[in-house]
1. Quick one: putting +1 on the C-beta of Lys and Arg, -1 on the C-beta of Asp and Glu, what dipole do you get for region 141-216 around its Cα centre, in Debye to the nearest 20?
2. For GLU11 and GLU159, calculate 0.36 nm times their separation in residues minus their Cα-Cα distance, and state this gained length in nm to one decimal.
3. Among ILE250, ALA328, LEU219, whose Cα lies farthest out toward the positive end of the dipole of region 55-334, if unit charges sit on the beta carbon of Lys, Arg (+1) and Asp, Glu (-1)?
4. Between the alpha-carbon centers of region 293-360 and region 45-103, tell me the distance in whole angstrom.
5. Given a Förster radius of 22 Å and the C-beta distance between LYS127 and CYS218 as r, what FRET efficiency does 1/(1 + (r/R0)^6) yield to the nearest 0.05?
6. What nm value, rounded to one decimal, do you get for the distance between GLU191 and GLU103 when each label is placed 7 Å out toward the C-beta?
7. Note the full-extension length gain between THR340 and GLN226 as 0.36 nm times their separation in residues minus their Cα-Cα distance, in nm to one decimal.
8. For region 130-161 and region 173-250, what is the centre-to-centre distance using only Cα atoms, to the nearest Å?
Amino acid sequence: MKRIKIDSFNEDIYREIKTRWDKVAKPLDSLGKFEDIIARIGAVQGIAEPDISRRAVVIMCADNGIVEEGVSQSGQDVTREVASWMGRGCSSVCKMAAAARVETLPVDIGINMEGSPEGVIDMKVRKGTSDFAKGAAMTIQEASQAVKNGTEIVRLCSEEGCRLLATGEMGIGNTTTSSALVSALLGIPAEEATGRGAGLSNEGLKKKTEVIGNAVSCLVSDWEEQHAGKDRKGAEFAFHALCAVGGLDIAGMAGMFIGGAVYHVPIVIDGFISAAAALVAERICPGCREVMIASHIGREPGMKMILDELGLEPVIDADLALGEGTGAVMLFPLLDLAMTLYSDGLEFSETGVEQYVHFTDGDQEKD
């Protein structure tokens, strides 16, 4: 991963698209964040006419050993069951994606079962992670393979003609793994990073927070013992944390963000778990944030902190917490509308109205 060169953002294309937006017969910057997102998509793809015609949501499915600690109200059988729904095209994200003309690609990267559900892509690294309250969630080799699998799925999608991808996930216990990673990587108390997930009681939330706090404390102590004084914001600590308290789904999604940077494919962040993976990816391969698009602000308390750290602004603020990639999929119809105006909108040159110009604050004060 240290050999990966990130050069996935074309500044000239970005400026060209922003200039073209100004020629559309409307007030300047009046589509707000959408003008910037379309420009960023083009800059990553390297073309002034961004292509979002074929797109897919990749749902990384995996189990997490930490559920043994009672941090979730559901068991691992739910991961397998929902993944099978995805394989049949009938889960929540599948229904929403079909309406938004988005392909769904469920991936078994670590479901705790023999084989994979029918219709689910088999990229299984192992049958779920270990309980990180008792030891590392996965080995260096396992985490590396999961990241590689995520990068590989982007390559395959790109070769098939997909020009825009979204991340999704399914795995009971993965708000716990995400919260632990966010606590470790941002250096914040477990209480600030941890939420109720799929709906924990107050007692359940307390238990979950304690488990995370203890594990992160051990993680940091172990790191300091082996790497005294070494920066915890670098790639080495991020990967160490991923192995210690992360999940195979998070590792796979981190690989997708890295793959997006390598293969010039913009990647839409879904919710909290996807955002945690984005943070891991940026720490491991600085610069891959340029391919990331934040779809929405999720309900989990740590998500805003992640997006602030990455310098990304979400579009949708609707108290979403469904997961599976549904929040990311909801962004696609909005992007379609923005692209329609960018590609086919009436330009000032076709009207009798003079084109608006940008003024600096000083120019406006003179007026």
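Since every read-out is calculated from the coordinates, none of them should be taken as a lab result. Worth saying up front: this structure is predicted, and the values here are computed from it rather than measured. All Cβ positions, even for glycine, are placed from backbone atoms using ideal geometry, and neighbour counts span all protein chains on display.
1. Values: 7 positive and 9 negative charges, 20 e Å.
Rounded to the nearest 20 debye, it is 100 debye.
2. Numbers: separation 148, 0.36 × 148 = 53.28 nm, distance 2.43 nm.
Net length gain for the segment: 50.8 nm.
3. Positive-end residue among those listed: ALA328.
4. 21
5. On the way: r = 24 Å, r/R0 = 1.11.
After rounding to 0.05, the efficiency reads 0.35.
6. 4.8
7. Working: separation 114, 0.36 × 114 = 41.04 nm, distance 5.44 nm.
Net length gain for the segment: 35.6 nm.
8. Here the answer is 18 Å between Cα centres.
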